[in-house]
Each structure stands twice: as C-alpha cells, then as structure tokens.
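Read through the structure below, which is laid out as structure tokens, and then see the notes.
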Amino acid sequence: MQLNIGGLIPESVVDGPGIRFVIFAQGCQHNCKGCFNPELQPFQQNRLMTVEEIIAMIKEHNSQGITFSGGDPFEQAEGFTALAQACRKLGLSIWSYTGYTYEELIQKPTKLKLLQELDVLVDGRFVLEQKDITLKYRGSSNQRIIDVQKSLAKGQVITIQ
C-alpha cells in the first residue's frame with residue numbers, strides 16, 4: 001500500500017505530546033483560508049512511500065508517538081489506516097489532524113476505519129477568524145482535541161482539555 005506523502009518530520013514537539021514522528025499527507029479538499037500548509041492542498045503526486053518504508057523510518061527514531069497531518073490524512077484513509085495499524089503494533093500513540101469533523105468521519109465507512117485506529121483526533125477546518133496562537137495543538141478555537149477511543153465507546157464526542 002502506497003501513500004502520497006507531502007513531508008515527514010522525524011522529531012516534532014508541537015504536533016502532540018512528547019517527541020512525535022509526523023507524516024504529512026499530500027492533498028486536501030478543505031482549502032481553509034490561512035492554511036498552515038497550502039502547498040499540501042493540491043492532489044498531485046509528491047512522494048510515494050509504502051507503509052513498510054515509513055515504518056522503517058519510524059523505527060530509526062526514538063518517537064513517543066505518531067501524528068498524521070497534512071494536507072488531510074483522511075483523503076487517503078485506506079493507506080493511513082494500514083499505517084496506523086502498523087504503528088499500533090509498535091505500541092505508539094496515534095494522533096491525527098483533519099479538516100473533517102468527528103461527526104462527518106463516523107458517517108463514512110472508509111474514514112471511520114481510520115478513525116477507529118486513532119487515540120486522538122484534532123478535528124475541524126482551520127478558521128482564520130478564530131485563530132488563537134495560545135491554543136495547544138490546534139490553530140483555531142473551533143477545532144476540538146478528541147479522545148477517540150472514549151468517544152467511540154460512549155457514542156458521543158469526549159474532548160481533551
């Protein structure tokens with residue numbers, strides 16, 4: 001399974017707690033005004049990588065967790081699901097950012113499969129008018145930091161912070 005990758009950061013401290021390995025998906029349909037990564041919006045081929053190649057890179061670093069960002073990882077849900085499952089076998093926590101809301105994701109079977117593999121989801125489109133640089137792990141106040149496993153178990157969104 002191949003993923004179209006926009007970039008990799010082996011050691012990030014801003015995309016979730018601890019030292020995280022960040023994988024940026026290429027492609028996003030949301031086109032948020034003020035997007036932090038506008039170069040990752042086009043659905044063009046960037047760097048094709050297999051799940052196995054990415055896992056090999058992750059193993060080379062002392063990461064405490066993995067973060068999927070973008071672009072939007074949910075645009076490549078099947079590939080990121082396979083990657084999340086491989087990361088889960090390594091015992092790593094998995095965060096993901098998306099412009100979709102939790103409520104939108106649970107309605108789409110392919111996207112729901114990826115959601116089910118996550119520990120934490122930062123959901124919602126970036127809204128420039130709600131930008132707040134004091135917020136931890138998110139760019140605008142409409143975005144939520146969701147405990148995915150608790151939310152799935154309770155059938156309602158459970159936020160963190």
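Here, each number is a calculation from the coordinates, and none is a lab measurement. A quick note: this is a predicted structure, and the numbers were derived from the prediction, not measured. For neighbour counting, all protein chains shown are included, and Cβ atoms are generated from backbone atoms with ideal geometry for every residue, glycine included.
Things to note:
- For the pair Thr110 and Leu90, label points projected 7 Å from Cα toward Cβ lie 2.5 nm apart.
- By average C-beta atoms within 10 angstrom, highest first, the peptides 41-48, 19-26: 19-26, 41-48
- The chain - charge dipole about Cα centre, Lys and Arg +1 at Cβ, Asp and Glu -1, debye rounded to 20: 300 debye
- Only helical runs count toward this figure. For the chain, summing -39,500 (n - 2.57) over DSSP H runs of n ≥ 4 and dividing by all residues gives -6500 deg cm²/dmol at 222 nm.
- Label-zone membership for region 24-42, site Ala56, 7 angstrom Cα→C-beta point, backbone N under 19 Å: 24
- Taking the Cα centre of region 75-126 as origin and assigning +1 to Lys and Arg Cβ atoms and -1 to Asp and Glu Cβ atoms, the resulting dipole is close to 140 debye.
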